[in-house]
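After the structure tokens below, expect a handful of questions from me.
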Amino acid sequence: MDKPITLITGTRKGIGKYLSEYYVEKGHIVIGCSRSSIDWSLPNYKHFELDVSDEKSVRNLFRCVRKEYGRVDNVINNAGIASMNHALITPLSTVNEVLKTNFIGTFLFCREAGKMMTKNKYGRIVNFTTVATPLKLEGEAVYAASKAAILSLTQVLARELAPFNITVNAIGPTPIETDLIRSVPNEKMQALVQRQAINRYGEFQDVSNVIDFYINKKSDFITGQNIYLGGVS
Ligand SMILES: NC(=O)c1ccc[n+]([C@@H]2O[C@H](COP(=O)([O-])OP(=O)(O)OC[C@H]3O[C@@H](n4cnc5c(N)ncnc54)[C@H](OP(=O)(O)O)[C@@H]3O)[C@@H](O)[C@H]2O)c1
């Protein structure tokens, strides 16, 4: 089977849904997942209903992938949730949810993907960070911290997996119009966009452009990197 096998988390809607359509269109076999069922379908797309922080379900997904395809070439850890709240009024339950989904979920998929890719001596892992971390956005302390943890994981894993020809990189989007940011007041979003070097919202294509670069077979000397969109650094 020469079609790339690409696993994407959080594919029910938003950026993950777009990436599923995009990579199926490019000839990949896409395996996706989300907590709820999807109301769309695609050829060469298989969906798993799971929570990315549930270790048993994640291991089961990888068992199914091994059985059906024998390998995974690309893993895109897109699933994520945000909590926009002042730290002083953020309940512990929210902190747990954000860390579980964003950090633990990314960790579990990196670990299981790493095991499978190691055997095949090839792999590309792409994680999701956010400009909220370098911009130190007020009201996003927990979300920004969860993504800072993902960045650190990405950088260390890049070293641990380099001997196996596996690269691990990250992309940090600026605001992109999805449900994730719909509850944030427009003035706040406009102020954020003004702090970017390029003052516009991100588009889905800006994300797939960076991921295309990372998962390109020629990018085998690119690892442990994080690209923020919009000129944020
Ligand atoms: N949009 C932005 O402005 C922006 C900016 C910077 C970074 N990002 C990052 O980009 C990624 C995608 O965000 P988005 O804007 O597309 O968000 P979104 O529209 O809210 O979609 C999130 C997706 O993740 C899934 N998901 C959430 N929690 C999950 C869990 N525990 N297990 C499995 N799936 C889960 C959701 O499906 P279910 O609800 O069915 O589980 C949904 O498909 C996130 O990592 C986010 O932090 C986005």
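Which of the residues belonging to the stretch 2-29 are in contact (Cβ under 8 Å) with a residue 40 or more places away in the chain and at positive phi?
Gly10, Gly14, listed by residue number.
Pairs under 6 Å by beta carbon, first residue polar (S, T, N, Q) in the stretch 77-91, partner assigned to a loop (DSSP other than H, G, I, E, B), six or more apart or different chains?
The qualifying pairs are Asn78/Gly10.
To continue, here is another question. In the stretch 180-223, which residues are within 16 Å of the chain's Cα centre (by Cα), within 14 Å of the ligand (Cβ to nearest atom) and not β-branched (Val, Ile, Thr)?
Leu180, Gly202, Glu203, Phe204, Gln205, Asp206, Ser208 - these are the residues of the stretch 180-223 that are within 16 Å of the chain's Cα centre (by Cα), within 14 Å of the ligand (Cβ to nearest atom) and not β-branched (Val, Ile, Thr).
Could you run through the stretch 113-169 and say how many residues are of a type in the set (Phe, Trp, Tyr) and assigned to a loop (DSSP other than H, G, I, E, B)?
Residues that pass the stated criteria total 1.
For Ser37, only one of the following conditions fails: (1) surrounded by 12 or more Cβ atoms within 10 Å (Cβ to Cβ); (2) in contact with a strand residue (DSSP E or B) (Cβ under 8 Å, 6 or more places away or on another chain); (3) more than 27 Å from Gly114 (Cβ to Cβ); (4) not charged (D, E, K, R). What is its number?
Every listed condition holds for Ser37 apart from (1).
For Lys100, indicate whether it is more than 16 Å from the ligand (Cβ to nearest atom) and in contact (Cβ under 8 Å) with a residue 40 or more places away in the chain.
Here the answer is no, as Lys100 does not meet what is asked.
Kindly establish whether Arg59 is within 18 Å of Thr106 (Cα to Cα), out of contact with any helix residue (DSSP H, G or I) (no Cβ under 6 Å at 6 or more places or on another chain) and in a loop (DSSP other than H, G, I, E, B).
Taking the combined requirement at face value, the residue does not satisfy it.
Of the residues in the stretch 103-149, how many are of a type in the set (Val, Ile, Thr), in contact with a Phe, Trp or Tyr (Cβ under 7 Å, 6 or more places away or on another chain) and more than 13 Å from the ligand (Cβ to nearest atom)?
1
Still on this structure, please answer the following. Can you name every residue in the stretch 1-29 that is of a type in the set (Gly, Ala, Ser), outside any loop (DSSP other than H, G, I, E, B) and more than 7 Å from the ligand (Cβ to nearest atom)?
Answer for the stretch 1-29, where residues must be of a type in the set (Gly, Ala, Ser), outside any loop (DSSP other than H, G, I, E, B) and more than 7 Å from the ligand (Cβ to nearest atom): just Ser20.
So, one more: What pairs come up if the first residue lies in the stretch 134-156 and is charged (D, E, K, R), the second is part of a helix (DSSP H, G or I) and modelled with pLDDT of 95 or more, and their beta carbons are under 6 Å apart, counting only those six or more places apart or on different chains?
Partner pairs satisfying both residue conditions: none exist.
Something else about it: Name the residue, out of Glu97, Glu68, Glu112, Glu49, that is of a type in the set (D, E, K, R), in contact with a helix residue (DSSP H, G or I) (Cβ under 8 Å, 6 or more places away or on another chain) and at negative phi. So that I can check it myself, show each step before the final result.
Numbers: Glu97 fails: in contact with a helix residue (DSSP H, G or I) (Cβ under 8 Å, 6 or more places away or on another chain); Glu68 fails: in contact with a helix residue (DSSP H, G or I) (Cβ under 8 Å, 6 or more places away or on another chain); Glu49 fails: in contact with a helix residue (DSSP H, G or I) (Cβ under 8 Å, 6 or more places away or on another chain).
Matching residue, one of Glu97, Glu68, Glu112, Glu49: Glu112.
When you look at Gly32, is it touching a residue at least 60 places away in the same chain (Cβ under 8 Å), under 24 Å from Leu180 (Cα atoms), crowded, with 16+ Cβ neighbours inside 10 Å and within 12 Å of the ligand (Cβ to nearest atom), yes or no?
No, not satisfied.
The values are calculated or read from the model by the stated rules, or taken from the named source; none is laboratory data. Since this is a predicted model, take the numbers as computed values, not measurements. Note: ideal-geometry Cβ built from the backbone for every residue, glycine included; neighbour counts use all protein chains shown.
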